[in-house]
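Data first, discussion second: the structure below is written as structure tokens.
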Amino acid sequence: MEQKTPFLTFDASFQDITGPSPRLELLSENTDYPFAHEAGIFIPSTNELFITSNRHLDNNGTIQIKISKVKISPEASSCSCSCSELETENVPMANGGIHYKDGILFCAQGTLDQPGGIAFMQSKPPHKSHLLVQSYHGKPFNSPNDVVVHSSGSIWFTDPIYGYEQGIRPPPELPNQVYCYEPETDDVRVVADGFGRPNGICFSPDERVVYITDTDRIHGDGSVDPDREASM
């Protein structure tokens, strides 16, 4: 009899990650604000998970997004964890992210006053951070959303206009595009366009194909247009 799992699997190799009998367990929740929204960057060496929140208002009514570090302590029968918020003023409105070298890359969407881009943050305290790239030919990015790293070292990321639709970014100066940044040469170029809202991005195992989701059906203000793209 086939055992049910909480995952919908399309490829048997997925079990190499989950094992034959995966289960879901709630480790942490926060009723004050939506603290677990994007990123989900696991650092194996320290057993820590970095996550970004959804947009919420602080005590002054200002829209903000927080980065949290979740320390996971595996035990014999279950896991426990503790969460702490990080001060990351150089990563404004963080969204997607990925493990990179000895740290983390975050998509910094930016604010009305601060530029967005791809930010590097140290995975260990004091978690210093800085923007690696913030513009394309002098024009600021819209609001970078998700990022992936090629084995060659190049950094690929999506840049939809969700930030403008959500009221956290100025009017866009660039189309909804996908970019490749070369850290060694500081070169940035467009690698794909024609999207409504390019969102998630990842490579195939052999890196010959890059998969990009187009979530144009759902706009940043929460409205839904069923005639627009919802595809990969």
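Taking the conditions (1) surrounded by 10 or more Cβ atoms within 10 Å (Cβ to Cβ); (2) in contact with a Pro (Cβ under 7 Å, 6 or more places away or on another chain); (3) over 22 Å from Tyr162 (Cα atoms); (4) not small (Gly, Ala, Ser) in turn, His56 satisfies each one other than (3).
Screening Phe50 against (1) outside any helix (DSSP H, G or I); (2) over 15 Å from Cys83 (Cβ atoms) leaves a single unmet condition, (2).
Here is the figure for segment 108-160: residues that are within 15 Å of the chain's Cα centre (by Cα), part of a loop (DSSP other than H, G, I, E, B) and among the aliphatic types (A, V, I, L, M) total 0.
Which of the residues that make up segment 204-232 are crowded, with 16+ Cβ neighbours inside 10 Å and closer than 27 Å to Ser152 by Cβ? Val210, Ile212, Thr213, Asp214, listed by residue number. When Ser68, Ser123, Ser84 are checked against the criterion of being farther than 23 Å from Gly163 by Cβ, small (Gly, Ala, Ser) and in contact with an Asp or Glu (Cβ under 8 Å, 6 or more places away or on another chain), a single residue qualifies: Ser123.
Could you run through segment 144-163 and say how many residues are on the phi > 0 side of the Ramachandran plot and touching a strand residue (DSSP E or B) at 6+ places or on another chain (Cβ under 7 Å)? Outline the logic, then answer.
Looking only at segment 144-163, we keep the residues that are on the phi > 0 side of the Ramachandran plot, and these are 153.
Within this subset, residues satisfying the condition of being touching a strand residue (DSSP E or B) at 6+ places or on another chain (Cβ under 7 Å) are none.
Within segment 144-163, residues that are on the phi > 0 side of the Ramachandran plot and touching a strand residue (DSSP E or B) at 6+ places or on another chain (Cβ under 7 Å) number 0.
Cβ separations smaller than 6 Å between residues 6+ apart or across chains give no pair from segment 189-202 residues that are closer than 17 Å to Val149 by Cβ and part of a strand (DSSP E or B) to residues that are basic (Lys, Arg) and at pLDDT 95 or above. Taking each residue of segment 7-31 that is touching a residue at least 24 places away in the same chain (Cβ under 8 Å) and looking for partners that are exposed (fewer than 13 other Cβ atoms within 10 Å of the Cβ) and part of a loop (DSSP other than H, G, I, E, B) with beta-carbon atoms closer than 8 Å, six or more apart or interchain, yields Glu25/Ser78.
Tally up the residues in segment 1-36 that are part of a loop (DSSP other than H, G, I, E, B) and either out of contact with any strand residue (DSSP E or B) (no Cβ under 6 Å at 6 or more places or on another chain) or farther than 27 Å from Asn145 by Cβ (or both), please. Can you show your working first?
Applying the first criterion (part of a loop (DSSP other than H, G, I, E, B)) to segment 1-36 yields 1-11, 19-36.
Among the residues that remain, those that are also either out of contact with any strand residue (DSSP E or B) (no Cβ under 6 Å at 6 or more places or on another chain) or farther than 27 Å from Asn145 by Cβ (or both) are: 1-11, 19-26, 29-32, 34.
Final tally of qualifying residues: 24.
Scanning segment 170-203 for residues that are at pLDDT below 95 and either of a type in the set (Gly, Ala, Ser) or at positive phi (or both), we see that the one that is surrounded by the fewest Cβ atoms within 10 Å (Cβ to Cβ) is Gly194. Within segment 61-90, if we keep just the residues that are of a type in the set (A, V, I, L, M, F, W, C), assigned to a strand (DSSP E or B) and at pLDDT 90 or above, the residue that is surrounded by the fewest Cβ atoms within 10 Å (Cβ to Cβ) turns out to be Leu86.
Of everything listed in (1) in contact with a strand residue (DSSP E or B) (Cβ under 8 Å, 6 or more places away or on another chain); (2) surrounded by 14 or more Cβ atoms within 10 Å (Cβ to Cβ); (3) in contact (Cβ under 8 Å) with a residue 60 or more places away in the chain, the single unmet condition for Gly167 is (2). Looking only at segment 104-122, decide whether some residue is over 30 Å from Ile212 (Cα atoms) and surrounded by fewer than 20 Cβ atoms within 10 Å (Cβ to Cβ). No, every residue in segment 104-122 fails to be over 30 Å from Ile212 (Cα atoms) and surrounded by fewer than 20 Cβ atoms within 10 Å (Cβ to Cβ).
Yes/no matrix, rows are residues, columns are (1) in contact (Cβ under 8 Å) with a residue 60 or more places away in the chain; (2) among the polar types (S, T, N, Q); (3) touching a Ser or Thr at 6+ places or on another chain (Cβ under 7 Å):
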| site | (1), (2), (3) |
| --- | --- |
| Asn95 | no, yes, yes |
| Gly103 | no, no, yes |
| Gln134 | no, yes, no |
| Phe141 | no, no, yes |
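The values are calculated or read from the model by the stated rules, or taken from the named source; none is laboratory data. Just so you know, these numbers come straight off a predicted model, no measurement behind them. Backbone-built Cβ (ideal geometry, glycine too); neighbour counts: all protein chains shown.
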